[in-house]
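Only one structure is covered here, and it is reproduced in the block below.
The values are calculated or read from the model by the stated rules, or taken from the named source; none is laboratory data. Since this is a predicted model, take the numbers as computed values, not measurements. No Cβ is skipped: glycine too gets one built from the backbone with ideal geometry, and neighbour counts run over all protein chains shown.
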């Protein structure tokens, strides 16, 4: 294996686009087939960005339609998720690694406590080689999104593992007008999308292809190679129908992970360089999803199933020379996962009753081969001949969840819903961390909605949720989470203004914490989060403005040693505040968007330096005065970023758009961490330092789109 194994296997630029061309030929028949002219004029009806009040089951739920998503200015596709009020999406590494998600005062790392599903298939991956609940969103092609349904809190009966803080349900379109979109941007960024659908005697066939390359502003070019191929067949309509989809995703790049501040401007020239330029990653996923639904007079049934094969290789150097001064601390995390699962949901209203009942069952099985091994310059080392390590596990993880919910309108003013969910988990591990834990958790949930008049409703929810922990680590297999929301949602009479304000509370029996020494998550102590979030949406015929802000106070319920000689109750990387603003305007052939995103300060340590923590974290040292760490608590810096886009329709079917990201060229850090690493010549115990990953500088992107 050579140091460039990943990029050679991912092809050079010409070879990559040749693969895209072959995939395009594969999808040619469905995408470019001519539809018969039946004389019927197509009428396109756009859904609302927000669901009407009567469809909201809580103040923290909503629907974002595909049109709103398509007009969002996003540097990368994952930033479309930031249309969910209070959700921040960032990253601390390169483009072949899942994003960081932050919501309600929680650093959800790569997906813990944020359940994400696409057409009913879960994206999150439990017992993952890098991060528990790992959710890589890049397999989703933005042009194919039909809607994003979100919920926050513990009251949703159909939300199981990882969904206690938030859950996102993405759906893809049934039909797509034949489309070609080509983007070029700075730092060798190039993207091609082509897709479309055709109606046949057996149903509607949709085909799509996405290919992207980029180098980024980094000293070591990122050399990203992303490929998405998507095929979908649908038949029937919203009342009775079925669908079957298959997709393939491949992405590879060098990864610019977070770097110690003391090295910038000295050991490395600037914040766009890194100490180990051979860090890299590759991921590949093959998905198959099937769905069938039927709506009758007083009932509805939906059944779906999925299977996916996922492969991941991440080569990263977090602590540099702390563990192995001779070869360095670079390691490869690897995983090959086979997953199958499905769900059934049945709703019915008894005759002569205003009540609605809901029954559901969900099941999933994962076979996972995963582990970590020492590397140098991305070449595997023999762990017996170095200070490195090697671990490999063969995990079998099974889960079944079932729920029942009863919704009753007691009058025109008062509605209630009560639900009960139960989840069972079983696992076996035949590898390094052998064990066979199992657990189950009963979860009651309730919602109360009261119409206060004047277009205002009061909604309160309470319930129990959970996230699973890594089978290989400590802590409970299922960590119980108890939460409550209460808030108001309303509309200003005679004005096009929707608003909401919600207070939330969440108690977690075990919080997920990050260990940079192994680049993995682990089960931490109990925690509590209290906060408030607000949102306002003002809409007109030619313009649309929305803003939201959330504030949270997050604390461990017992003192926590964060590994840097610090001890306290603050939760590292839990943001104090998150906010966003978006304004969209369109008139005749023009459309413009302006967006602002804000990530507030956050603690980087659990508290100030503490002598007992120093003795545990730095071998041979006994007090803070001796330790290579800050004396007081360390706080990460907030940042604000503006972006915008201007689009001009050249004809009824063709448009060109100029996007400007980081409009004011803000110099800030997309993510910061505080942990111990070691550079050459430093003490063997290492040095605690702030590690940063910068925002990308101001950049331009030109997109040409045509339909036919």
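Candidates in the stretch 155-186 are the residues that are part of a loop (DSSP other than H, G, I, E, B) and under 20 Å from residue 228 (Cα atoms); of these, the one that is nearest to the chain's Cα centre (by Cα) is 173. For the residues 568, 531, 632, 607, the requirement of being part of a strand (DSSP E or B), farther than 27 Å from residue 84 by Cα and at pLDDT 95 or above singles out 568. Residues of the stretch 373-382 include none that is surrounded by fewer than 20 Cβ atoms within 10 Å (Cβ to Cβ), in contact (Cβ under 8 Å) with a residue 60 or more places away in the chain and over 23 Å from residue 254 (Cα atoms). Taken together, 148, 69, 103, 91 contain a single residue that is crowded, with 23+ Cβ neighbours inside 10 Å and in contact with a strand residue (DSSP E or B) (Cβ under 6 Å, 6 or more places away or on another chain), which is 103. Taking residue 155, is it surrounded by fewer than 19 Cβ atoms within 10 Å (Cβ to Cβ) and either more than 23 Å from residue 242 (Cβ to Cβ) or in contact (Cβ under 8 Å) with a residue 24 or more places away in the chain (or both)? For residue 155, the condition - surrounded by fewer than 19 Cβ atoms within 10 Å (Cβ to Cβ) and either more than 23 Å from residue 242 (Cβ to Cβ) or in contact (Cβ under 8 Å) with a residue 24 or more places away in the chain (or both) - is not met.
Restricting the stretch 388-417 to residues that are in a loop (DSSP other than H, G, I, E, B) and touching a strand residue (DSSP E or B) at 6+ places or on another chain (Cβ under 8 Å), the residue that is farthest from residue 158 (Cα to Cα) is 388. Residues in the stretch 449-483 that are surrounded by fewer than 18 Cβ atoms within 10 Å (Cβ to Cβ) and assigned to a strand (DSSP E or B): 450, 451, 452, 453, 456, 458. Taking the condition surrounded by fewer than 21 Cβ atoms within 10 Å (Cβ to Cβ), in contact with a helix residue (DSSP H, G or I) (Cβ under 6 Å, 6 or more places away or on another chain) and over 30 Å from residue 503 (Cβ atoms), does residue 205 pass? Spelling it out, residue 205 is indeed surrounded by fewer than 21 Cβ atoms within 10 Å (Cβ to Cβ), in contact with a helix residue (DSSP H, G or I) (Cβ under 6 Å, 6 or more places away or on another chain) and over 30 Å from residue 503 (Cβ atoms).
The test for being without any contact (Cβ under 8 Å) to a residue 40 or more places away in the chain and closer than 18 Å to residue 128 by Cα does not hold for residue 458.
For (1) farther than 30 Å from residue 231 by Cα; (2) under 26 Å from the mean Cα position of the chain (by Cα), each residue gets a yes or a no:
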site: 270; (1), (2): yes, no
site: 307; (1), (2): no, yes
site: 332; (1), (2): yes, yes
site: 353; (1), (2): yes, no
